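Just so you know, all these numbers are worked out from the coordinates, no wet-lab data involved. Quantities reported herein were computed from a predicted structural model and do not represent experimental measurements. Positions of Cβ are generated from backbone atoms using ideal geometry, with glycine treated the same way; all protein chains shown enter the neighbour counts.
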Amino acid sequence: MPPILSLAGVGKTYASGHRALAAVDLDIRRGEIFALLGPNGAGKTTLISITCGIVTPTSGTIRVGDVDALSDYRRARAMIGLVPQELSVDMFETVWSTIRFSRGLFGKAPDDTYLEQVLRDLSLWDKRKSKIMELSGGMKRRVLIAKALSHEPELLFLDEPTAGVDVALRRDMWRLVHRLREKGTTIILTTHYIEEAEEMADRIGVINHGELLLVEDKAELMAKLGTRELNIALSEPMQTVPPELGEWQLALADDGHRLRYRFDARAERTGIPSLLRRMSDLDIAFTDLETSKSSLEDIFVGLVAEQREARP
């Protein structure tokens with residue numbers, strides 16, 4: 001099945017010489033949730049803005065479905081819904097009039113039945129007659145999503161959808177995103193919250209300094225790049241790691257009550273059996289062993305750090 005979105009060599013350099021986006025190649029599969037991770041200024045919003053026709057790229061091609069988004073902007077944009085970071089609605093309008101107006105902007109015939117269902121899915125139906133200025137921050141963000149869905153897009157961009165909202169609302173948003181995907185909507189989200197990508201995404205892209213560093217299926221990424229950590233609870237605390245254990249590059253933690261050993265779970269030999277034997281030879285007793293996987297956050301921080309070190 002062809003991708004719903006295909007970017008080839010898409011870049012953006014401003015007149016000042018600042019390169020906001022390098023030549024990005026990216027295909028988005030139909031029906032997936034794709035999370036784009038990156039620190040502030042990494043190029044996430046620039047990439048979204050170019051795809052949605054808000055910013056003109058310096059180079060590259062963009063196809064939304066079978067439509068060339070640069071030469072046939074209107075058709076391409078009608079297939080896209082965008083939920084921006086900032087509120088972009090008339091605060092004095094009601095929820096209902098806002099989403100009806102947004103649907104009309106894309107030339108869609110009125111369909112109050114569809115719009116009612118959108119509002120019900122977003123728990124906004126009871127607020128349809130309320131002015132947007134009267135809503136809470138979380139409800140205003142839901143209005144932005146309703147507005148983006150009003151014209152029945154196939155592809156939905158969520159730019160930092162849960163920034164500044166509490167944990168409970170964030171989890172409500174996660175459930176909403178999964179429901180939208182179940183209905184066939186393809187979703188691309190940018191986020192600062194690593195756990196958000198871990199919870200929701202099928203695939204993950206990491207971007208920094210305008211360069212797309214990596215695109216992987218989430219499970220494959222964590223299996224490929226994830227390390228494991230062995231925590232050894234000591235019977236007696238240590239002041240320093242004995243030099244006889246130097247080859248394992250151990251670290252002390254918990255005021256010397258624990259030894260930490262990081263190892264590659266994919267390696268043929270992890271070094272754990274030889275470490276434990278050496279500890280026994282040195283009469284270093286322990287009370288417990290615990291292993292844990294590296295998180296997506298560890299992987300993300302590591303990739304960004306590697307790029308930083310590689311830059312001139």
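Quick notes
- Between the range 235-258 and the range 2-22, the Cα center-to-center distance that results, in Å: 48
- The chain - Rg (one decimal) and Dmax (whole number), Cα, Å: 24.4, 79
- Counting neighbouring Cβ atoms within 10 Å and putting the fewest first, the residues 91, 200, 139 line up as 91, 139, 200.
- The chain, relative contact order in percent, only Cα pairs under 8 angstrom and at least six apart counted: 19
- Length-normalised contact order for the range 93-228 - Cα pairs under 8 Å, 6+ apart - percent: 19
- Amide H contacts of residue 58: 11, 12, 13, each under 5 Å away and 5 or more positions distant or on a separate chain (H built 1.01 Å from N in the peptide plane; Pro and chain starts excluded).
- At most 11 other Cβ within 10 Å, DSSP loop - chymotrypsin sites (Phe, Trp or Tyr not before Pro), the range 64-142: 92
- Pairs of Lys residues in the chain that lie 8 or more places apart, or on two chains, and have C-alpha atoms under 18 angstrom apart add up to 11.
- Cβ-based exposure ranking for 150, 292, in which fewest neighbours within 10 Å come first: 292, 150
- Rounded to the nearest 10 degrees, the inclination of helix 167-182 to the longest alpha-carbon principal axis of the chain is 70 degrees.
- Label point distance in nm, residue 217-residue 239, each placed 7 Å from Cα along Cα→Cβ: 5.3
- Highest-MSF residue in the chain out of 36, 156, 124 [GNM, Cα springs under 10 Å]: 124
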